[in-house]
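The values are calculated or read from the model by the stated rules, or taken from the named source; none is laboratory data. Because the structure is predicted, anything quoted here is derived from the model rather than measured. Every residue, glycine among them, receives a Cβ derived from its backbone with ideal geometry; neighbour counts consider all protein chains shown. Each accessible area value is taken on the protein alone, full model and side chains, heavy atoms only, with ligands, DNA and RNA left out. Shrake-Rupley method; radii C 1.70, N 1.55, O 1.52, S 1.80 Å.
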Amino acid sequence: MANELLVRDVVLLAYKAFDGNVRGKTMLQKRVYFLSVFLKADLGYEAHYYGPYSEEVATANAEMKSLGFLSESVTGWGVDQRGFEMARYDYSLSEAGVKIAEKKAASHPELWQRIFGAAQVIKDAGNLDYMELSIAAKAYYVLTKLNRKATLVDISAMLPKFGWTVSEQELRKATSFLAKTNLIPQA
């Protein structure tokens, strides 16, 4: 089970490290997933539809919103083929959130530096959209299950076992991102 205080701190400092805002819940989950990988921290991630997902991260985000540390905006995208409304939830640190994030960074400088450095590696590896980052997270999650010894064919074969479908081109882009972050060797 993940340490709730660590999860809250990482989520809060993730917003600070990613310029105070995140476009979509999936993007938040994947960015924090990769931060957890770099931090070697258990934040409660498990296999989920859009890749690794942490209920603890979702809860921390909701708590920060309810405390007024985050502002939320919703963009509707219409209705899917099953009749469900589709929307993207975007979050940004409020004025109070900026202040608390600055205090947290000052009181935990080592954690802040590690998160800031990891966020910079993620940013420098490429400006992936939420779907591309989800695929990279799926690929890396599978690699961890295969003890980081796998070919593209091995990863591709494992993805369906988690209910994930990824094209070869998407997987190549994902592994390129992972190589740029030094999470896997350069090809």
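Of note:
- Of all residues making up segment 1-30, the number that are open to solvent by 30 Å² or more (accessible area, probe 1.4 Å) and closer than 22 Å to Lys103 by Cα: 8
- From the list Trp164, Trp112, the one residue that fits, being in a loop (DSSP other than H, G, I, E, B), among the aromatic types (Phe, Trp, Tyr) and buried (at least 16 other Cβ atoms within 10 Å of the Cβ), is Trp164.
- A residue that is more than 26 Å from Val153 (Cβ to Cβ), without any contact (Cβ under 8 Å) to a residue 12 or more places away in the chain and β-branched (Val, Ile, Thr) occurs somewhere in segment 69-87.
- Some residue of segment 65-72 being at pLDDT 90 or above and assigned to a helix (DSSP H, G or I): yes
- Taken together, the residues in segment 167-187 that are part of a loop (DSSP other than H, G, I, E, B) and either closer than 14 Å to Ile122 by Cα or not hydroxyl-bearing (Ser, Thr, Tyr) (or both) amount to 7.
- Beta carbons closer than 6 Å, at least 6 apart along the sequence or on distinct chains, pair a first residue in segment 117-143 that is within 20 Å of Gly44 (Cβ to Cβ) with a second that is of a type in the set (Lys, Arg) for Leu133/Lys30; Ser134/Lys30; Ala137/Lys30.
- Residue that is surrounded by the fewest Cβ atoms within 10 Å (Cβ to Cβ) [pool: residues in segment 128-144 that are out of contact with any helix residue (DSSP H, G or I) (no Cβ under 7 Å at 6 or more places or on another chain) and part of a helix (DSSP H, G or I)]: Thr144
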